[in-house]
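Novice: What follows is a structure written as structure tokens; I'll ask about it next.
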Amino acid sequence: MAVFAIVGAGLSGMTLARELTAAGHHCQVFEKSRGRGGRLATRRREGWQADHGAQFFTVRDNAFQKVVDDWEANGWVQPWAIEPLVYDRDGFHPAEETSIRYVGTPSMNAMVLGMSEGIDLFLQTRVDRLERVDHQWRLWDDAGEHYGQFDAVFLTAPLAQSLALLPSGSRAEVPLRGATMLPTWSMALAFEDDTGIESDGYFVQEGVINWAARDSSKPGREPSPEVWVMHFSPTWTGNHLDAPDSLLQQQCLTLLRKLAPRDLPELAGSFKHRWLYARSGPARIEIPQWDERLRIGLAGDWILGDRLEDAWQSAVNLAHEVIEVWQ
Ligand SMILES: Cc1cc2nc3c(=O)[nH]c(=O)nc-3n(C[C@H](O)[C@H](O)[C@H](O)COP(=O)(O)OP(=O)(O)OC[C@H]3O[C@@H](n4cnc5c(N)ncnc54)[C@H](O)[C@@H]3O)c2cc1C
């Protein structure tokens, strides 16, 4: 049995922990936030909640479909019966993608919470650096505490955060230097009454917002109050990284007024969240995920694309390589 450290308790970190534990190894997972799930995130307010990170996910691969079927059987995810519209300069038309859109229930991170059962987890522990000690790794957090030693370390944070921890001389270091992830402002608005807006979701191709959805229409959520979540384009977000609430709210209300058949009801509440490392784009980055010499592994959506399925697939790929080494 080997002892491994995993940095990050998002979907890729927890998938890796589950796969390696099932193969008989011991994993300790370190997460800087208070909760698990990473970009699968739901925030609660008095009487309402909203998903401010990933909105839904789809399935392309058969192996992933089997996993999602298990998640659904466990009650962790459900299909979201949504027929989104595209809103562009020509008006409104149905979105082309017709595959099932799943959401975590009752919150986006439900499958990560389920998978973390029995896993050794250190929350609110930001890993600051790795130290090589006698062919093993020791982890240091930002409070000066150390953990370990470990036979290998797996970094599953977004690209820039993993790159910051990657020891120099790693085989992945050079190819990663030119890669980036783009930011996204997310804003949630709760209304006192129904808005009357026709569709539960809009891919917006006009203006500064690129996604708007009635979050309260997702399965496992209270339908009232009506809650909308909007995502701003990476370009606009990048140019307005310090945007105040008032500016974001004004942009959201301007869009919703175009979608609504009548005056919008009063606001019951709102919140914003800035994702500095939201998504990397669909391109794959050609890096070795496992560095045998350093005993460092990398996983995360950004290696294969920018979707939840990519996060899962990258973790499974890395787990297979590692399990072979420790057979
Ligand atoms: C706004 C937005 C919209 C999205 N929409 C969709 C969508 O519609 N469909 C879809 O499929 N995907 C979507 N995604 C992408 C999806 O959320 C990701 O693919 C997936 O959640 C990535 O999981 P991960 O485990 O690789 O990374 P993350 O979820 O980012 O997990 C990494 C974890 O590492 C932790 N961490 C970072 N640094 C450290 C450190 N030094 N020490 C300890 N812990 C650390 C972080 O706190 C985080 O919890 C969206 C993402 C965003 C932000």
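Novice: Where residues in region 158-169 are polar (S, T, N, Q) and under 24 Å from Trp312 (Cβ atoms), which of them is farthest from the ligand (Cβ to nearest atom)?
Specialist: So the residue we want is Ser162.
Novice: While we're on this one: If the Cβ limit is 6 Å and pairs must be 6+ apart or interchain, which residue in region 160-174 that is in the same structural domain as Ala299 (by TED's automatic domain parsing) and more than 11 Å from Leu130 (Cα to Cα) pairs with which residue that is within 14 Å of the ligand (Cβ to nearest atom) and in a loop (DSSP other than H, G, I, E, B)?
Specialist: Once the first residue is in the same structural domain as Ala299 (by TED's automatic domain parsing) and more than 11 Å from Leu130 (Cα to Cα) and sits in region 160-174, its partners that are within 14 Å of the ligand (Cβ to nearest atom) and in a loop (DSSP other than H, G, I, E, B) give Glu173/Leu166.
Novice: In region 271-321, what residues are among the acidic types (Asp, Glu), assigned to a helix (DSSP H, G or I) and more than 11 Å from the chain's Cα centre (by Cα)?
Specialist: Here is the first cut: in region 271-321, the residues among the acidic types (Asp, Glu) are 286, 291-292, 301, 306, 309-310, 321.
Pick out the ones that are also assigned to a helix (DSSP H, G or I) and you get 301, 309-310, 321.
If the condition is that a residue be among the acidic types (Asp, Glu), assigned to a helix (DSSP H, G or I) and more than 11 Å from the chain's Cα centre (by Cα), then Glu321 is the only one that fits.
Novice: Please verify whether region 109-131 includes one or more residues that are among the hydroxyl-bearing types (Ser, Thr, Tyr) and in contact with a helix residue (DSSP H, G or I) (Cβ under 7 Å, 6 or more places away or on another chain). Show your work before the answer.
Specialist: First pass over region 109-131, keeping only residues among the hydroxyl-bearing types (Ser, Thr, Tyr): 116, 125.
If we keep only those that are in contact with a helix residue (DSSP H, G or I) (Cβ under 7 Å, 6 or more places away or on another chain) too, we end up with 116.
Yes; the residues of region 109-131 include at least one that is among the hydroxyl-bearing types (Ser, Thr, Tyr) and in contact with a helix residue (DSSP H, G or I) (Cβ under 7 Å, 6 or more places away or on another chain).
Novice: What residue, among those in region 1-41 that are more than 7 Å from the ligand (Cβ to nearest atom), in contact with a strand residue (DSSP E or B) (Cβ under 8 Å, 6 or more places away or on another chain) and among the small types (Gly, Ala, Ser), is nearest to Leu166 (Cα to Cα)?
Specialist: Ala5
Novice: Also, I was wondering about something else. Against the conditions (1) out of contact with any Leu (no Cβ under 7 Å at 6 or more places or on another chain); (2) charged (D, E, K, R); (3) more than 11 Å from the ligand (Cβ to nearest atom), where does Arg257 fall short? Just the number, please.
Specialist: The failed condition is (1).
Novice: Please state which one of Leu253, Leu241 is part of a loop (DSSP other than H, G, I, E, B) and either among the aliphatic types (A, V, I, L, M) or under 18 Å from the mean Cα position of the chain (by Cα) (or both). Break it down stepwise before answering.
Specialist: Values: Leu253 fails: part of a loop (DSSP other than H, G, I, E, B).
That would be Leu241, the only listed residue that is part of a loop (DSSP other than H, G, I, E, B) and either among the aliphatic types (A, V, I, L, M) or under 18 Å from the mean Cα position of the chain (by Cα) (or both).
Novice: Does Ala73 meet the test of being more than 9 Å from the ligand (Cβ to nearest atom), of a type in the set (A, V, I, L, M, F, W, C) and not assigned by TED's automatic domain parsing to the domain that holds Trp275? Walk me through how you get there before you give the answer.
Specialist: Values: more than 9 Å from the ligand (Cβ to nearest atom): yes; of a type in the set (A, V, I, L, M, F, W, C): yes; not assigned by TED's automatic domain parsing to the domain that holds Trp275: no.
Judged against the criteria, Ala73 is not a match.
Novice: Scanning region 108-157 for residues that are surrounded by 22 or more Cβ atoms within 10 Å (Cβ to Cβ) and assigned to a loop (DSSP other than H, G, I, E, B), which turns out nearest to the ligand (Cβ to nearest atom)?
Specialist: Among them, the one singled out is Ala157.
Novice: Out of the residues in region 224-238 meeting the condition of being aromatic (Phe, Trp, Tyr) and within 14 Å of the ligand (Cβ to nearest atom), tell me which one is surrounded by the fewest Cβ atoms within 10 Å (Cβ to Cβ).
Specialist: Here is the first cut: in region 224-238, the residues aromatic (Phe, Trp, Tyr) are 228, 232, 236.
Remaining after also requiring within 14 Å of the ligand (Cβ to nearest atom): 232, 236.
Working: Phe232: 26, Trp236: 17.
Going through the qualifying residues, I end up with Trp236.
Novice: Regarding region 84-105, can at least one residue be identified that is within 11 Å of the ligand (Cβ to nearest atom) and closer than 22 Å to Thr125 by Cβ?
Specialist: No, region 84-105 contains no residue that is within 11 Å of the ligand (Cβ to nearest atom) and closer than 22 Å to Thr125 by Cβ.
Novice: For region 310-324, give me the residue count where each residue is within 14 Å of the ligand (Cβ to nearest atom), crowded, with 21+ Cβ neighbours inside 10 Å and not hydroxyl-bearing (Ser, Thr, Tyr). Don't jump to the end; show me each part of the working.
Specialist: So in region 310-324, the residues within 14 Å of the ligand (Cβ to nearest atom) come out as 310-319.
Now restrict to residues that are crowded, with 21+ Cβ neighbours inside 10 Å: 310-315, 318-319.
From the residues that got through so far, the ones that are not hydroxyl-bearing (Ser, Thr, Tyr) too are 310-313, 315, 318-319.
Looking only at that region, the number is 7.
Novice: Go through (1) in contact with a helix residue (DSSP H, G or I) (Cβ under 9 Å, 6 or more places away or on another chain); (2) surrounded by fewer than 20 Cβ atoms within 10 Å (Cβ to Cβ) and name the single condition Phe57 misses.
Specialist: (2)
Novice: Another question, if that's okay. Where residues in region 170-197 are assigned to a loop (DSSP other than H, G, I, E, B), modelled with pLDDT under 95 and more than 12 Å from the ligand (Cβ to nearest atom), which of them is surrounded by the fewest Cβ atoms within 10 Å (Cβ to Cβ)?
Specialist: Let us first name the residues in region 170-197 that are assigned to a loop (DSSP other than H, G, I, E, B), namely 170-172, 178-181, 192-197.
In the following step, the residues that additionally are modelled with pLDDT under 95 were identified as 170-172, 178-181.
Those still in the list that are more than 12 Å from the ligand (Cβ to nearest atom) too: 170-172, 178-180.
Numbers: Ser170: 19, Arg171: 17, Ala172: 23, Gly178: 7, Ala179: 16, Thr180: 13.
So the residue we want is Gly178.
Novice: Can you list residue pairs whose Cβ atoms sit under 7 Å apart, with the first residue in region 234-246 being of a type in the set (A, V, I, L, M, F, W, C) and the second being at pLDDT 95 or above and in a loop (DSSP other than H, G, I, E, B)? Count only pairs 6 or more apart in sequence or on different chains.
Specialist: Trp236/Val208
The values are calculated or read from the model by the stated rules, or taken from the named source; none is laboratory data. It should be emphasised that the depicted structure is a prediction, and the values quoted were computed from it without experimental measurement. Methodologically, a virtual Cβ is constructed for each residue, glycine included, from the backbone with ideal geometry; neighbour enumeration extends over all protein chains shown.
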